[in-house]
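Engineer: What follows is a single structure, and I will ask about it in a moment.
The values are calculated or read from the model by the stated rules, or taken from the named source; none is laboratory data. As the structure is a computational prediction, the values presented were derived from the model and not from experiment. Every residue, glycine as well, gets a Cβ built from its backbone with ideal geometry; the counts of neighbours run over all protein chains shown. Just the protein is used for accessible areas: all its heavy atoms, side chains included, with ligands, DNA and RNA removed. Shrake-Rupley method; radii C 1.70, N 1.55, O 1.52, S 1.80 Å.
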Amino acid sequence: EISIGVVNSLSGAFATFGERYRDGMQVALDEINENGGIDGETVSLVVRDDASEARNAITSLEELGGMDVPLVLGSYASSITGPMAQIANRREVPLVVLGSADDAITKPGSEWVFRAKHNTTIIGETYFDFFDAMRTAHPDTELQSVGMLYGNSAFPTALAEIARSEAEERGYEVVADNSYDQGVSDFRPILNNFLSAEPDILFLVNYADDGIAIIRQMAEVGLSASIIAIDTAAALPAYIEQTGDLSEYVVTAVDWSKDVQYEGTQDLYERLKAQSGAEPSFYEAEGYLALMVAAEALRQAGSTDRTEVREALDGISDFQTPVTSVTFEDYDGFQNQNPIQDLILQIQDGAHVTIYPEELSAGDPRFPVPAWSER
Amino acid sequence: MPNLLKANDLTVRFGGLTAVDSVELSVAPGQVVALIGPNGAGKTTCFDALTGFVQPDAGRVELEGRDVTGLPPFERTRLGMARTFQTERPFEDLSVLRNVLVPAFLRHPGRAEAEAVARSALHRVGLADRADQPASDLNLARRRRLELAKALALEPRILFLDEVMAGLNPPALAEMIKFLRDLSGEGMAIVLVEHILEAVMQLADHVVVLASGAVIAEGKPDAVTSDPAVIEAYLGTE
Amino acid sequence: MDTTAFLQNVSNGFLIGGVYALIGIGLTLVFGVMRTINFAHGDFTVLGMYGAVAFNSAIGWDPYAALIVAVPAAFIGGVLIERFVLSRLVEAPPETTLLATLGLSLIIGNCLLLIWGPEPESVNVPYAATTLAVGSVRVSVVLLAAGLMTLAAITALWLFLSRTETGRAVKATASNRLGAELVGIDTRRIHSLVFGLGTSLAVIAGVALIPLLFANPTNLGPIFTLKAFVVTVLGGLGNVWAAIAGGLILGIVEVLGTAYLASEYRDAYGLIVFLAILLLRPEGLFGRTTKRA
Amino acid sequence: MDEPILDVRNVDLGYGALTVVYGASLSVGPGELVGLVGGNGSGKSTILRAVSGMIGQKKGEIRFDGERVADSRPHRMARRGLAHIPMGRQLFGEMTVRDNLLLGATLPEARAKRDQTLAEVEALFPDLARFSEARAAELSGGQQQMVAIARGLMLRPRMLLMDEPSLGLAPIVVKEAMRAIRKVANTGMPILLVEQNVKQVLDIADRAYVLENGRMVLDGTAEDLRGDDRVRRAYLGI
Amino acid sequence: MSRVWIIFAGLAVLGLVYPFAMPGMLSVAVTVLLFAGWATAWDIAGGWCGQVSLGHAAFVGLGAYVVALGQVELGVPPWFGLPVAAALAAGLAWCWGRLTFSLAGPYFTLSTIAVAEILRMVAINEDWLTGGAIGVFISTLPEPFGIDLFSREAQYWMALAFALGTIALVAILSERRFGYRMRAVREDENSAMAAGIDPTATKLHAFMLSGALTAVGGGIYGIFLSYLEPHVMFYLFLSVQIALTSIIGGRGTVFGPAAGAVLLVGAGEIFRTTFAQANLLIYGILILIVVLFFPRGLVAELIRGVARRRYAQSTQGE
Ligand SMILES: Nc1ncnc2c1ncn2[C@@H]1O[C@H](COP(=O)(O)OP(=O)(O)OP(=O)(O)O)[C@@H](O)[C@H]1O
Ligand SMILES: Nc1ncnc2c1ncn2[C@@H]1O[C@H](COP(=O)(O)OP(=O)(O)OP(=O)(O)O)[C@@H](O)[C@H]1O
Ligand SMILES: CC(C)C[C@H](N)C(=O)O
Ligand SMILES: [Mg+2]
Ligand SMILES: [Mg+2]
């Protein structure tokens, strides 16, 4: 029997996500064991809850480090995974990132840390690739000015920073740029200011909760744009349920969706759905992905020796999963990062539809977003 | 006789009410001055103004010729004033000894000397055997004595006592009177507010009678208590 | 400065302020009478939100109708908490009660987490984003409704406190508990009643807010609690009318600060005004001072 | 003798692990004014607290009007017609004097006669009318004491417990207060009066008990006690 | 007096032996020690001097950031960073106290939340100063005498020194003049003034000392996490936890806060591994239980019980 360590946020502020990762990992675990485990050995998970706090996560990581686990998966928030990555490197424990997107986690110097999912740079670039594509496809609609509104925690701030530099590089103009303290729920004064700035693209990075309030208040204030992008919040299936028609046309970047044209996606979707008992999102898929990658590395290493497992992870290349194919590369200032293809989803008729990139899409973008009064 | 404490034209107003009205007062070392008067006459307020707990609206307070009018209470304490409160305020959560240690530290920064001073103050007021009892458990008479011990531990030159004898039964009262007389014999100046006339008569060298904030009579105890104005305002007739 | 936008901002500030006031009055009442800093106050507001969500998804009625069930339930819940927890702590130092309410806050939040899961919940009502046009200014229907509820709640509370015998008893209990007992007031009952009212008011705020916002189990409660503190202190403890003023000031300051200064410091504006008022007028804007102990 | 309205039988009382009253008994009959005197800390206030239900009884029982007294619910005793005027006064500090008095009459029967009672107590203590709009916390100690007594009377109780009502009052007011208490007693109101000032108590009381260190050592009619040698020596200072 | 030092010596021995007995459980121990130190430091202001603060995370954050930024931006090693952090924290406490010490009771407590929250927002938004929301990584540390400061052992010894030092300081102060001044101010400011004590100065000194010590712990915490983010370092719930630890253990006692740290961190750790999602719920219930049965805190209730019983026996025969 092989035990894999997991540090996940099952309680506290990030439990929303932790649960989804848990479900995804469970699906992967079942799949692995149904197919005979790893070299005949069943796989089990040793799970530690970090209660959404870094100091618990590193305590857990050290505890797991002292146990007989070949590698560890974890955790969601970058403020938790960041310190974990440092310790993983120092202690020489292979760490497969579960949910964090912070670029710094797979910067050079972190040999023991691997990330199959996207990072902030990939997300930011994908949005602007999509904006560029819309520019090309609709030359008559002006797509020039960007208004940014994001929460002030690490990930939204980092994504906003990337968006800022992408915008400059690609000739967009940032006409409004505001952050807000997480927990604020009245955005009207900011949205009112946006009204007079009249951005063509609204680029918002909101956690699930704020996203609900923001879209309602946008409608109330009458703020719209040719593209409305809402990262993180709008990717959750529940978002559509809770905001109804208001969320139509909103686009969001993810690294997996149920209608992406990959092999096995539909089957994975069904299994994830069965596991969580609700509509799954890319978070479950990321959990699934992390564990599948870990299992593959163990299989290739043929050993539970941590150094050999690390070597095996390092060597993973073109490993096919229903989520994406995985190759850990060192490129563009990243180390052990899978250059995953991100997708843009749009909420259309009450469902997430993959609209970009074209070759993987399941539907066409609806562009531009009509004004609220014309919906 | 040189004045230890001198107050000129002391006036305190609360809104429209003049609680203390141009009071003049002087106290010599070893002298016992009693402040009497009807309820609400301004005695406590007068104490507050003398000791710095209330800023007077007019007037001046001098201690040994030094103007202390603007000084906060703790500075005046450091200069040698000590007071008790009409409603006693022991540090409820602390033991009796610790209650007295607090003031004892004022002049004795070292723990050992401070404790010696505190214990001797407790001894003087007869609370030595209660040193370890929580102050919150003391009864009224002992609380009063604790207040006194706290004041004594400050090693003051002048002591302001606000009704420390109220509520004492005759034996306890007699004890207290004797105690205060001894203190004044040692040269301590005492200003006391008291409704127990018997005590005032036995202790005071000089009596000041306040009514509605103003001094209506002053002098030797006998003279004052037979003053018709005082009888009318304060003592009443049988 | 664009006057329409300015008017729009001012009117939003007023409306948000009404909501803050609604969150704050329950706390003001409890603080005023029981001298308890109730750290679970915001969690009751969140409970109200979940109540409305549950009501809406179970019966399909308008979420506001949840008040019929939620208010009595909250009252009973508050009474029980007072009976079984707070009333046992009257002798203890105030920080202990504060701790107890912190414990309650954790318990409520995490029970919600276990029952509902961590994802935000909301109700999707057609009028969520509807506005009324008043001149060039748009007024959110939901905020307006919340404002009216605030007015109704405060008026009712005021009438209760000033016109009824029980209301007087509440004031007497607030002033001196033993004294109140001695004139025949059952102060345990009064404390239970007050805490029940406090939780009911918190829950009303939750129901009023759900069409506009979202509920989540653990994060939102403390945020509401903090707002309620600010409102309470701005107005002055125990003064229910002042809670309206406190709420309005907070709302206006936040909205104008966000619109015309820097948006990321939104919460700081309220807190700065809060500190300033605390320092200049420790009894709150409308409190009275009593010098003598 | 008639069935007593208050009957304390053989009680042990105390605080936590501490016992301060041992096997004390006393009774007050209808229309009687009974004094309870004793040294500081002898346990007089403790007995009153037990009677009004502020603390429990460790042993024995207390009956008021034939019914047992349960602990920790002083308001029940108030509702049963017992007014306790405690030593700490327990006024509603931020409220006006008038509101304090009106709150004394919240119970239905008292409320019906509120205005009448108010007029009566204001006649008894004219100062109260003068200060009726002042906040209680701002009054002087003596003035507060008057408010406390008056508030107790506002209950229109069936019996009064008074804990040192003269504490901190000017002599003229004490005399008046004692006269007033007698007057109240003359209306048929049973009163249990705790006082330090034994002489004054014996002047107005019908009967009295003497408590020493938590034990009842003497009781009898006021007249007998006035003549008792022990009392004369220990309490009257004769 | 001597009993305090016997217990202290016992704790010190325990602390010295622990890493050899349980080398695999060092990070829990570091957390316990940090909380013990913080709670004890908090208690100087909150327990001994009666100024209940719910903003001490500000000092933690300040300490952590000064040490981290000193190292990362300026190359100042932690052994210089820590004293600087302590001094800056004392300075912050001075300004903070000057501003808010006129407030009584609950008002003061609420004002501390406000101040700490404002500081949190500054730390998040002024990224030129703090690196902002994205945070700061400590990726290199000097190695004095070949000691790897990233190693848990080194951090354990730092945390142990911090906790024991803070407790020892409190043990000493509690029986000295300053300790009595603080008690007096806590109990009654007017009586304190009557005893010649300047309440504002006393509160300021207590708060400065409390803040400075907390910041030292914060610096160690920063090294322990090696990643600093304002949301973590200035976290309101961290302030609450620090206060909670002290109050649960027993305010105004030498060992109460440390006992609270052992109980709360220990229980938190056990609950986290055994109850999964319900862990904070159980934690809340634990708090409630302790509060109901030990309203003054574990150690304070113990001392009180002993004192009462002893006194009751001594007077029974009277
Ligand atoms: N803080 C205050 N605000 C308003 N009025 C006050 C205040 N303090 C005292 N007073 C008023 O000032 C007057 C004098 O009060 P003070 O307490 O000095 O009287 P006193 O002579 O000590 O009376 P007693 O013998 O009853 O203690 C009283 O009428 C009282 O009501
Ligand atoms: N709350 C309390 N906790 C513990 N002990 C107490 C408490 N209150 C009073 N005592 C103790 O009980 C004993 C009796 O006190 P009590 O107040 O009944 O005396 P008393 O006869 O009313 O005295 P006094 O004349 O001083 O009012 C005293 O020794 C006192 O120390
Ligand atoms: C907070 C983030 C880590 C979430 C982000 N949207 C992601 O894709 O991972
Ligand atoms: Mg007085
Ligand atoms: Mg008594």
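Engineer: Report ³J(HN,Hα) in whole Hz for each residue of the stretch A:276-293, in order, from the Karplus equation J = 6.51 cos²θ - 1.76 cosθ + 1.60 where θ = phi - 60°; Gly and Pro get x.
Structural biologist: For the stretch A:276-293, the Karplus curve yields 8, x, 8, 5, x, 10, 5, 5, 4, 5, 5, x, 4, 4, 4, 6, 4, 5 Hz.
Engineer: Continuing with the same structure: Go through the stretch E:264-286 and flag every residue whose accessible area shrinks by 10 Å² or more with all protein chains in place compared to the isolated chain (probe 1.4 Å).
Structural biologist: At a threshold of 10 Å² (probe 1.4 Å), the residues of the stretch E:264-286 that become less exposed are E:269, E:272, E:273, E:276, E:277, E:278, E:279, E:280, E:281, E:284, E:285.
Engineer: If I take every Cα pair under 8 Å that is 6 or more residues apart in the stretch E:3-240, average their sequence separation and divide by the length, what percent do I get for the relative contact order?
Structural biologist: Numbers: 355 pairs, mean separation 98.0, N = 238.
Relative contact order here is 41 percent.
Engineer: Ok, one more. Before rounding to the nearest 500, sum -39500 (n - 2.57) across all DSSP H runs of length at least 4 in chain B and divide by the residue total; then give [θ] at 222 nm in deg cm²/dmol. Could the numbers behind the result be given before it?
Structural biologist: Working: 8 runs with 85 residues, N = 238.
Taking each H run of at least 4 residues, the total per residue is -10500 deg cm²/dmol.
Engineer: Compute the relative contact order of the stretch B:90-152 as a whole-number percentage, counting only Cα pairs closer than 8 Å that sit 6 or more residues apart in sequence.
Structural biologist: Values: 82 pairs, mean separation 29.6, N = 63.
Across the stretch B:90-152, relative contact order equals 47 percent.
Engineer: Then there's this: Estimate for me the total accessible surface buried between chains C and A (protein heavy atoms, probe 1.4 Å, no ligands or nucleic acids), in Å² to the nearest 100. Walk me through the intermediate numbers first.
Structural biologist: Values: alone 14340 and 14240 Å², together 25690 Å².
It comes to approximately 2900 Å² buried between C and A.
Engineer: Which value in Å does the Kirkwood hydrodynamic radius of the stretch B:90-152 take, with 1/r averaged over all unlike C-alpha pairs and then inverted? Spell out each step's value before the answer.
Structural biologist: Working: mean 1/r = 0.0908 Å⁻¹.
It works out to 11.0 Å.
Engineer: Counting only protein heavy atoms and rolling a 1.4 Å probe, how much accessible area do E and B lose on contact, total for both sides, in Å² to 100?
Structural biologist: Working: alone 15570 and 10630 Å², together 23930 Å².
Accessible area lost upon association: around 2300 Å².
Engineer: I've got another one for you. Report the convex hull volume per residue for the protein assembly as shown, counting only C-alpha atoms, in Å³.
Structural biologist: On the way: hull volume 273.3 nm³, N = 1462.
Enclosed volume per residue, from the Cα hull, is 187 Å³.
Engineer: Mind checking which helices in chain C clear 18 Å along their axis (Cα) and have mean Kyte-Doolittle hydropathy of 1.6 or more, DSSP H runs only?
Structural biologist: Numbers: long enough: C:3-34 (45 Å, 1.44); C:41-59 (27 Å, 0.81); C:67-84 (25 Å, 1.91); C:94-116 (33 Å, 1.52); C:141-163 (32 Å, 1.97); C:187-209 (33 Å, 1.24); C:220-235 (23 Å, 1.76); C:240-260 (30 Å, 1.75); C:266-280 (22 Å, 1.93).
Helix filter hits for chain C: C:67-84, C:141-163, C:220-235, C:240-260, C:266-280.
Engineer: Can you pull out the GluC sites (Glu not before Pro) in the stretch B:1-107 that DSSP calls coil and that have at most 15 other Cβ atoms within 10 Å? Could the numbers behind the result be given before it?
Structural biologist: On the way: sites: B:24, B:62, B:64, B:75, B:88, B:92; in loops: B:64, B:88, B:92.
Those satisfying the criteria are B:64, B:92.
Engineer: Let me ask something else about it. Per Stokes-Einstein, at 37 °C and 0.692 mPa s, what whole-number D in µm² s⁻¹ belongs to the stretch E:3-240, with the Kirkwood radius over Cα pairs as the hydrodynamic radius?
Structural biologist: Once the numbers are plugged in, D ends up at 180 µm²/s.
Engineer: At a cut-off of 10 Å², which residues of the stretch D:27-49 become less accessible once all protein chains are present than in their chain alone, using a 1.4 Å probe?
Structural biologist: The answer is D:39, D:40, D:41.
Engineer: Across 5 Å bins from 0, what is the distribution of all Cα-Cα pair distances for the stretch D:127-232, in whole percents?
Structural biologist: P(r) for the stretch D:127-232, in whole percents per bin: 2, 10, 21, 21, 18, 14, 7, 4, 2, 0.
Engineer: Right, here's the next one. Counting only heavy atoms of the protein chains, get the accessible area per residue of chain E (1.4 Å probe) and round it to a whole Å² value. Working shown, then result.
Structural biologist: On the way: 11110 Å² over 318 residues.
On a per-residue basis, chain E sits at 35 Å².
Engineer: Taking the Cα centroid of the stretch D:73-112 and of the stretch C:197-263, what is the distance between the two, rounded to the nearest whole Å?
Structural biologist: Between the Cα centre of the stretch D:73-112 and that of the stretch C:197-263, the gap is 37 Å.
Engineer: For chain C, just list the percent of Cα-Cα distances falling in each 5 Å bin from zero outward, please.
Structural biologist: 1, 6, 11, 16, 18, 18, 13, 8, 5, 2, 1, 0, 0
Engineer: Out of residues 5 or more away from residue A:50 or on other chains, whose amide H comes under 5 Å of its own, with H placed 1.01 Å from N in the peptide plane?
Structural biologist: Residues meeting the criterion, in which the H sits 1.01 Å from N, are A:8, A:9, A:10, A:11.
Engineer: Same structure again: Read phi for every residue in the stretch B:186-202 and hand back ³J(HN,Hα) as whole Hz from Karplus 6.51 cos²θ - 1.76 cosθ + 1.60, θ = phi - 60°, with x for Gly and Pro.
Structural biologist: Values per residue, Gly and Pro as x: 7, x, 6, 7, 10, 10, 10, 9, 7, 9, 7, 4, 3, 5, 4, 4, 6 Hz.
Engineer: For chain D, set up a GNM with springs between Cα atoms under 10 Å and report which of D:200, D:143, D:116 has the largest fluctuation.
Structural biologist: D:116
Engineer: Loop-only GluC sites (Glu not before Pro) in the stretch E:51-154, please: DSSP not H, G, I, E or B, and at most 13 other Cβ atoms within 10 Å. Don't jump to the answer; show the numbers that get you there.
Structural biologist: Values: sites: E:73, E:117, E:126, E:153; in loops: E:126.
Sites meeting the loop and neighbour criteria: E:126.
Engineer: A further question on this structure: Evaluate the relative contact order of the stretch D:120-238 (contact order divided by residue number), counting alpha-carbon pairs under 8 angstrom at least 6 apart; express in whole percent.
Structural biologist: Values: 105 pairs, mean separation 21.0, N = 119.
Dividing the mean separation by the residue count of the stretch D:120-238 yields 18 percent.
Engineer: With each run of n ≥ 4 DSSP H residues scored as -39500 (n - 2.57), what mean residue ellipticity at 222 nm is computed for chain A after dividing by its residue count and rounding to the nearest 500 deg cm²/dmol? Intermediate results must be reported in sequence, preceding the final value.
Structural biologist: Working: 11 runs with 153 residues, N = 375.
Here the helix-only value at 222 nm equals -13000 deg cm²/dmol.
Engineer: What longest range of chain C stays clear of loop-exposed chymotrypsin sites (Phe, Trp or Tyr not before Pro) (DSSP non-H/G/I/E/B, at most 13 other C-beta within 10 angstrom)? Don't jump to the answer; show the numbers that get you there.
Structural biologist: Numbers: sites that count: C:61, C:127.
Counting only loop sites that pass the neighbour cut-off, the longest clear stretch is C:128-293.
Engineer: For the stretch B:149-213, what is the accessible area per residue in Å², given a 1.4 Å probe and the full set of protein chains?
Structural biologist: Details: 1890 Å² over 65 residues.
The answer is 29 Å² per residue.
Engineer: In whole angstrom, and with the biggest value first, how far do the Cα coordinates of the stretch E:166-318 range along each principal axis?
Structural biologist: Projected onto its principal axes, the Cα set of the stretch E:166-318 covers 56, 40, 25 Å.
Engineer: Moving to a separate point now. Once you've got the Cα coordinates, tell me which of B:6/B:43; A:107/A:273; D:59/D:175; B:6/B:150; B:43/B:150; B:43/B:220 are over 26 Å apart.
Structural biologist: A:107/A:273; D:59/D:175
Engineer: Of the heavy-atom accessible surface of the stretch B:90-152 (probe 1.4 angstrom), what whole percent is carbon and sulfur?
Structural biologist: Percent of accessible area from carbon and sulfur atoms in the stretch B:90-152: 49.
Engineer: Show the residues, 5+ positions off or on another chain, whose built amide H is closer than 5 Å to the amide H of residue A:335.
Structural biologist: Counting only residues 5 or more places away or on other chains, the set is A:107.
Engineer: Counting only other chains, and only Cβ atoms inside 10 Å, what mean value do you get across the residues of D:96-106?
Structural biologist: Values: counts 0, 0, 0, 4, 5, 1, 3, 12, 5, 2, 9.
Taking the mean over all residues of the peptide, I get 4.
Engineer: Where the centre of each part is set by its Cα atoms, how far does the stretch A:65-126 sit from the stretch A:284-357, in angstrom?
Structural biologist: Centre-to-centre (Cα) distance: 13 Å.
Engineer: How big a patch of accessible area, both sides summed and in Å² to the nearest 100, lies buried between A and E at a 1.4 Å probe? Don't skip to the answer; put the middle values down first.
Structural biologist: Details: alone 14240 and 15570 Å², together 27050 Å².
Buried area (both sides, nearest 100 Å²): 2800 Å².
Engineer: Enumerate by residue number the GluC sites (Glu not before Pro) in the stretch A:1-70 meeting two conditions: DSSP loop (anything except H, G, I, E, B), and at most 10 other Cβ atoms within 10 Å of the site's Cβ.
Structural biologist: Passing both the DSSP loop test and the Cβ count: A:1.
Engineer: Taking amide H atoms as placed 1.01 Å from N in the peptide plane, list the residues 5 or more away in sequence, or in a different chain, whose amide H sits under 5 Å from that of residue A:45.
Structural biologist: A:4
Engineer: Now for a different question. Carbon-plus-sulfur fraction of the accessible area of the stretch A:1-41, 1.4 Å probe, in percent? Kindly include the intermediate steps, with their values, before the conclusion.
Structural biologist: Details: 500 of 1310 Å².
Ligands and nucleic acids excluded, carbon and sulfur reach 38 percent.
Engineer: Quick one: with all protein chains in place, what share of the accessible area of the stretch E:3-240 is carbon or sulfur, to the nearest percent (1.4 Å probe)?
Structural biologist: Within the stretch E:3-240, the accessible surface is 71 percent carbon and sulfur.
Engineer: Hey, what's chain A come to in accessible area per residue, 1.4 Å probe, Å²? It would help to have the intermediate numbers written out before the result.
Structural biologist: Values: 11450 Å² over 375 residues.
Per residue, chain A has an accessible area of 31 Å².
Engineer: Place a +1 charge on the Cβ of each Lys and Arg in the stretch E:82-193 and a -1 charge on the Cβ of each Asp and Glu, then give the dipole magnitude about the Cα centre in debye, rounded to the nearest 20. Walk me through the numbers on the way to the answer.
Structural biologist: On the way: 8 positive and 10 negative charges, 85 e Å.
Result for the stretch E:82-193 is approximately 400 debye, rounded to the nearest 20.
Engineer: When the helix-only estimate is applied to chain D (DSSP H runs of n ≥ 4, each -39,500 (n - 2.57), divided by the residue count), what is the mean residue ellipticity at 222 nm, nearest 500 deg cm²/dmol? Walk me through the numbers before you get to the answer.
Structural biologist: Working: 11 runs with 92 residues, N = 238.
Theoretical 222 nm ellipticity from helices: -10500 deg cm²/dmol.
Engineer: Are there any residues in the stretch E:191-224 with a reduction of at least 30 Å² in accessible surface when going from the isolated chain to the assembly of protein chains? Probe 1.4 Å, please list them by number.
Structural biologist: E:191, E:193, E:194, E:195, E:196, E:198, E:221
Engineer: Remind me, what semi-axes does chain A give for its equivalent ellipsoid, largest first in whole Å, using sqrt of 5 times each Cα gyration tensor eigenvalue? Display every interim value, and only then the final one.
Structural biologist: Values: eigenvalues 261, 83, 72 Å².
Here the semi-axes work out to 36, 20, 19 Å.
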